[in-house]
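Okay, structure first, notes after.
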Amino acid sequence: MMRTIRGNSLISVAMAGLMGLLASSLPAHAQTAADAALNMANMLDGAGGGVSSGDLLAALENAADAGQPMAMWQLGTMYENGEGVAKDPAKAFGYFAQIANQHADAAPKGVEADIVARSFVKVGDYYREGLPDAGIPADANRSHALLLHAATYFGDADAQYRVGLLYTKENELGINPLQSARWFSLAARKGHCPAQAQLGNLIFGGVDGIEAQPVEGLMWLNIAQERCAGTADASWIEEMRNNALGLSSAEEQAEAQGLADNIAPQFAGF
């Protein structure tokens, strides 16, 4: 049964309209989970007019009860981070799991696909560490399966990057440079700059099954450094690139930079 906001039915109607507008007005290629959360937060903030935070929370809960993935995502992130509500990982897990369970077969290119894919990643993270308060034991196999669904069915770049990392660790999916390079490449070509750096580092010096390609490797490292500048990943990417620069010739560096300058603009929209 959908909850109602006692004495404030107009808010429910208005919020339903906002949810519908948010879901239908944004083009699929521009929609990301972070964008959806930010847009929803801005829309809620814009509702104003003396509406209390409790009423807005209830309106989000109404929309989540009605099956709106964006509302579930917003509630999940709120409870995960303690934004506007008391931090509650168990409730956060519940909302992310609800999205994953109800929308596992959503259209991979649909407007809500990014949120669903990110929810699979979130749930996988909870299974990776376990969540005793919610009765969720640590389960690496289930965590891997959820991440792989986001990476394969939805083609989520961050999930693909993280699968690539799993193939660099013996205690995860086992060390497999070819698989790592494959997954890093998929994410890199979608503009994921940490994946671009990891791919560049792999192919710069070469590993078992991958011939050294210093120019292409340095090209990806150059692109990654530029795109990840100012982010939490910037320092380790710069270190990787500096190591590659120290091992490459001036001619290789010039060719790699020229390729990066030509290719980088295609990632401007990401």
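Quick rundown of the values:
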{"item": "Residue in segment 122-159 that is nearest to A100 (Cα to Cα), counting only those that are touching a residue at least 24 places away in the same chain (Cβ under 8 Å) and among the β-branched types (V, I, T)", "result": "V123"}
{"item": "Every residue from segment 244-260 that is within 10 Å of L218 (Cα to Cα) and among the polar types (S, T, N, Q)", "result": "S248, Q253, Q257"}
{"item": "Qualifying residue in segment 146-160 (condition: modelled with pLDDT under 95 and more than 16 Å from the chain's Cα centre (by Cα))", "result": "no"}
{"item": "Helices (runs of 4 or more DSSP H) enclosed by segment 211-263 - at least 1 residues per element that are without any contact (Cβ under 8 Å) to a residue 12 or more places away in the chain and either at positive phi or surrounded by 13 or more Cβ atoms within 10 Å (Cβ to Cβ) (or both)", "result": "234-246, 250-263"}
{"item": "Check on L221, of a type outside the set (S, T, N, Q) and in contact with a Lys or Arg (Cβ under 6 Å, 6 or more places away or on another chain)", "result": "yes"}
{"item": "Selection status of A107, of a type in the set (A, V, I, L, M, F, W, C), without any contact (Cβ under 8 Å) to a residue 12 or more places away in the chain and either over 24 Å from R182 (Cβ atoms) or open to solvent by 60 Å² or more (accessible area, probe 1.4 Å) (or both)", "result": "yes"}
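The values are calculated or read from the model by the stated rules, or taken from the named source; none is laboratory data. If you're wondering where the values come from, they're calculated on a predicted model, not measured in any experiment. Cβ coordinates were reconstructed from backbone atoms using ideal geometry, including for glycine residues, and neighbour counts include every protein chain displayed. Accessible surface areas use protein heavy atoms only, side chains included; no ligands, DNA or RNA. Shrake-Rupley method; radii C 1.70, N 1.55, O 1.52, S 1.80 Å.
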